[in-house]
Amino acid sequence: MRIISGKYAKRNLFTLKSQKTRPTSDKVKESLFNSLGQFFAGGEVLDLYAGSGALGIEAVSRGCERAVLNDVSRPACQIIRKNVDLTKEPDRFDVFTMPAKVALKVFADQERKFDLVFLDPPYAKQQMVKDMTALASLDLLKPGAKIVVETDEQTDLPPVAGFDLLKDHHMGKTIVRIYQRAE
(Lines give C-alpha, C1' and ligand atoms only; values in the text may rest on other atoms or scores of the structure.)
Protein backbone atom coordinates (compact mmCIF):
# COMPACT_ATOMS: atom_id res chain seq x y z
CA MET A 1 0.00 0.00 0.00
CA ARG A 2 1.29 3.46 -0.87
CA ILE A 3 0.45 7.14 -1.14
CA ILE A 4 -0.89 7.53 -4.65
CA SER A 5 -0.64 11.23 -5.45
CA GLY A 6 0.39 14.64 -4.19
CA LYS A 7 3.23 15.80 -1.99
CA TYR A 8 3.94 12.37 -0.43
CA ALA A 9 3.32 10.34 -3.62
CA LYS A 10 4.82 6.88 -4.02
CA ARG A 11 5.79 6.46 -0.38
CA ASN A 12 5.08 2.93 0.78
CA LEU A 13 3.01 2.70 3.94
CA PHE A 14 3.20 0.24 6.79
CA THR A 15 0.12 -1.86 7.56
CA LEU A 16 -0.90 -3.86 10.58
CA LYS A 17 -0.41 -7.60 10.15
CA SER A 18 -3.82 -8.53 11.51
CA GLN A 19 -7.27 -9.65 10.45
CA LYS A 20 -8.75 -6.79 12.54
CA THR A 21 -7.94 -4.14 9.94
CA ARG A 22 -8.69 -4.17 6.23
CA PRO A 23 -6.74 -1.39 4.52
CA THR A 24 -8.39 0.37 1.60
CA SER A 25 -6.76 -0.95 -1.57
CA ASP A 26 -4.78 1.46 -3.75
CA LYS A 27 -7.31 0.96 -6.55
CA VAL A 28 -10.28 1.89 -4.34
CA LYS A 29 -8.33 4.78 -2.79
CA GLU A 30 -7.43 6.21 -6.20
CA SER A 31 -11.04 5.99 -7.40
CA LEU A 32 -12.28 7.52 -4.16
CA PHE A 33 -9.98 10.53 -4.40
CA ASN A 34 -10.79 10.99 -8.09
CA SER A 35 -14.46 11.21 -7.03
CA LEU A 36 -13.65 13.79 -4.36
CA GLY A 37 -11.88 16.02 -6.87
CA GLN A 38 -8.31 14.67 -6.61
CA PHE A 39 -6.77 17.70 -4.88
CA PHE A 40 -7.85 20.00 -2.05
CA ALA A 41 -7.27 23.64 -1.14
CA GLY A 42 -6.82 23.23 2.60
CA GLY A 43 -9.30 21.90 5.12
CA GLU A 44 -9.22 19.53 8.06
CA VAL A 45 -9.77 15.79 7.73
CA LEU A 46 -10.93 13.21 10.26
CA ASP A 47 -10.35 9.50 9.80
CA LEU A 48 -12.30 8.05 12.73
CA TYR A 49 -11.23 4.42 12.15
CA ALA A 50 -7.81 5.16 10.69
CA GLY A 51 -6.23 1.67 10.66
CA SER A 52 -2.95 2.57 8.91
CA GLY A 53 -3.78 6.27 8.49
CA ALA A 54 -3.60 5.90 4.70
CA LEU A 55 -6.75 7.89 3.85
CA GLY A 56 -5.94 10.87 6.06
CA ILE A 57 -2.31 10.93 4.93
CA GLU A 58 -3.44 10.74 1.29
CA ALA A 59 -5.81 13.68 1.87
CA VAL A 60 -3.00 15.81 3.34
CA SER A 61 -0.71 14.74 0.50
CA ARG A 62 -3.36 16.08 -1.89
CA GLY A 63 -3.68 19.48 -0.24
CA CYS A 64 -5.66 19.22 3.00
CA GLU A 65 -4.06 21.24 5.77
CA ARG A 66 -4.35 18.78 8.66
CA ALA A 67 -5.58 15.28 9.48
CA VAL A 68 -6.88 13.81 12.71
CA LEU A 69 -6.27 10.06 12.71
CA ASN A 70 -8.06 7.99 15.34
CA ASP A 71 -8.17 4.28 16.02
CA VAL A 72 -9.15 2.29 19.09
CA SER A 73 -6.27 -0.16 18.57
CA ARG A 74 -2.90 0.71 20.08
CA PRO A 75 -0.99 -1.43 17.55
CA ALA A 76 -2.83 0.36 14.71
CA CYS A 77 -1.89 3.74 16.20
CA GLN A 78 1.77 2.65 16.33
CA ILE A 79 1.54 1.91 12.59
CA ILE A 80 -0.20 5.26 11.99
CA ARG A 81 2.63 7.08 13.77
CA LYS A 82 5.23 5.24 11.65
CA ASN A 83 3.34 6.28 8.51
CA VAL A 84 3.03 9.88 9.69
CA ASP A 85 6.81 9.90 10.23
CA LEU A 86 7.23 8.98 6.54
CA THR A 87 5.68 12.35 5.60
CA LYS A 88 8.42 14.30 7.41
CA GLU A 89 5.60 16.68 8.52
CA PRO A 90 4.27 15.20 11.76
CA ASP A 91 2.90 18.59 12.87
CA ARG A 92 0.16 18.24 10.22
CA PHE A 93 -1.26 15.14 11.91
CA ASP A 94 -2.88 14.38 15.27
CA VAL A 95 -3.08 10.72 16.25
CA PHE A 96 -5.55 9.55 18.90
CA THR A 97 -6.21 6.14 20.45
CA MET A 98 -9.87 6.18 21.54
CA PRO A 99 -13.17 4.48 20.83
CA ALA A 100 -14.99 6.43 18.11
CA LYS A 101 -17.82 7.57 20.41
CA VAL A 102 -15.35 8.99 22.94
CA ALA A 103 -13.22 10.58 20.20
CA LEU A 104 -16.19 12.47 18.78
CA LYS A 105 -17.00 13.92 22.22
CA VAL A 106 -13.35 14.90 22.76
CA PHE A 107 -13.23 16.62 19.35
CA ALA A 108 -16.46 18.47 20.16
CA ASP A 109 -14.96 19.64 23.48
CA GLN A 110 -11.92 20.86 21.51
CA GLU A 111 -14.33 22.70 19.16
CA ARG A 112 -12.85 21.01 16.11
CA LYS A 113 -14.66 21.20 12.78
CA PHE A 114 -13.97 18.98 9.81
CA ASP A 115 -14.29 19.45 6.04
CA LEU A 116 -13.87 15.78 5.20
CA VAL A 117 -14.54 12.67 7.29
CA PHE A 118 -13.69 9.05 6.52
CA LEU A 119 -15.81 6.35 8.15
CA ASP A 120 -14.70 2.78 7.62
CA PRO A 121 -15.54 0.98 10.86
CA PRO A 122 -14.84 -2.72 11.12
CA TYR A 123 -18.51 -3.40 11.84
CA ALA A 124 -21.95 -2.90 10.36
CA LYS A 125 -24.12 -0.05 9.14
CA GLN A 126 -25.66 0.87 12.47
CA GLN A 127 -22.36 2.33 13.66
CA MET A 128 -21.90 4.48 10.56
CA VAL A 129 -25.37 5.97 10.89
CA LYS A 130 -24.71 6.66 14.60
CA ASP A 131 -21.34 8.26 13.76
CA MET A 132 -22.84 10.49 11.07
CA THR A 133 -25.66 11.54 13.39
CA ALA A 134 -23.13 12.29 16.18
CA LEU A 135 -20.92 14.31 13.82
CA ALA A 136 -23.91 16.52 13.01
CA SER A 137 -25.37 16.78 16.52
CA LEU A 138 -21.97 17.57 18.09
CA ASP A 139 -21.44 20.29 15.46
CA LEU A 140 -18.19 18.77 14.20
CA LEU A 141 -18.78 19.52 10.52
CA LYS A 142 -18.09 22.66 8.55
CA PRO A 143 -20.76 23.77 6.07
CA GLY A 144 -20.62 21.57 2.99
CA ALA A 145 -18.51 18.92 4.75
CA LYS A 146 -18.26 15.56 3.02
CA ILE A 147 -18.35 12.15 4.66
CA VAL A 148 -16.92 9.13 2.89
CA VAL A 149 -18.33 5.78 4.03
CA GLU A 150 -16.71 2.55 2.93
CA THR A 151 -18.62 -0.74 3.27
CA ASP A 152 -18.73 -4.20 1.80
CA GLU A 153 -21.22 -5.01 -0.95
CA GLN A 154 -23.72 -6.58 1.49
CA THR A 155 -24.18 -3.42 3.56
CA ASP A 156 -27.18 -1.33 2.59
CA LEU A 157 -27.24 2.01 4.40
CA PRO A 158 -30.54 3.76 5.06
CA PRO A 159 -30.89 7.49 4.31
CA VAL A 160 -29.26 9.54 7.08
CA ALA A 161 -31.10 12.63 8.29
CA GLY A 162 -29.14 15.82 7.62
CA PHE A 163 -27.05 14.34 4.81
CA ASP A 164 -27.40 14.08 1.04
CA LEU A 165 -25.95 11.09 -0.77
CA LEU A 166 -23.76 12.54 -3.55
CA LYS A 167 -22.15 9.42 -4.99
CA ASP A 168 -22.45 5.67 -4.63
CA HIS A 169 -19.49 3.77 -6.17
CA HIS A 170 -19.36 -0.01 -6.47
CA MET A 171 -15.76 -1.19 -6.82
CA GLY A 172 -15.67 -4.96 -6.74
CA LYS A 173 -16.68 -6.05 -3.24
CA THR A 174 -16.33 -2.51 -1.87
CA ILE A 175 -18.93 0.25 -1.92
CA VAL A 176 -17.88 3.85 -1.31
CA ARG A 177 -20.62 6.35 -0.56
CA ILE A 178 -19.97 10.07 -0.42
CA TYR A 179 -22.37 12.16 1.63
CA GLN A 180 -22.54 15.90 2.09
CA ARG A 181 -23.96 17.72 5.06
CA ALA A 182 -27.30 19.16 4.00
CA GLU A 183 -27.55 22.90 4.35
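For segment 107-146, pairs of C-alpha atoms spaced more than 14 angstrom apart make up 47 percent of the total.
Mean-square fluctuations from a GNM of the chain, with a 10 angstrom spring cutoff on Cα atoms, peak among Lys113, Lys167, Lys146 at Lys167. Computed in the context of the full set of protein chains, the accessible area of segment 3-118 at 1.4 Å probe radius has 51% of its extent on carbon or sulfur.
Shape class for the chain, computed from the alpha carbon gyration tensor (a ≥ b ≥ c): rounded, with a/c under 1.5. Using a simple spin-label model with pseudo-atoms 7 Å out from Cα toward Cβ, Val106 and Ala182 lie 3.2 nm apart.
Could you compute the net charge surrounding Lys10? Neighbours are other residues with a C-beta less than 15 Å from the C-beta of Lys10; K and R count +1, D and E count -1. Result for the local shell: +3.
Counted by Cβ distance under 9 Å from Ile178, the other residues give a net charge of +2, where Lys and Arg count +1 and Asp and Glu count -1. Close amide H contacts of Lys167 (hydrogens built in the peptide plane, cut-off under 5 Å, sequence separation of 5 or more or a different chain): Ile178.
The values are calculated or read from the model by the stated rules, or taken from the named source; none is laboratory data. Since this is a predicted model, take the numbers as computed values, not measurements. Quick reminder, even Gly has a Cβ in these numbers, built from the backbone with ideal geometry, and neighbours come from all protein chains shown. Surface areas here come from the heavy atoms of the whole protein model, side chains and all, with no ligands, DNA or RNA. Shrake-Rupley method; radii C 1.70, N 1.55, O 1.52, S 1.80 Å.
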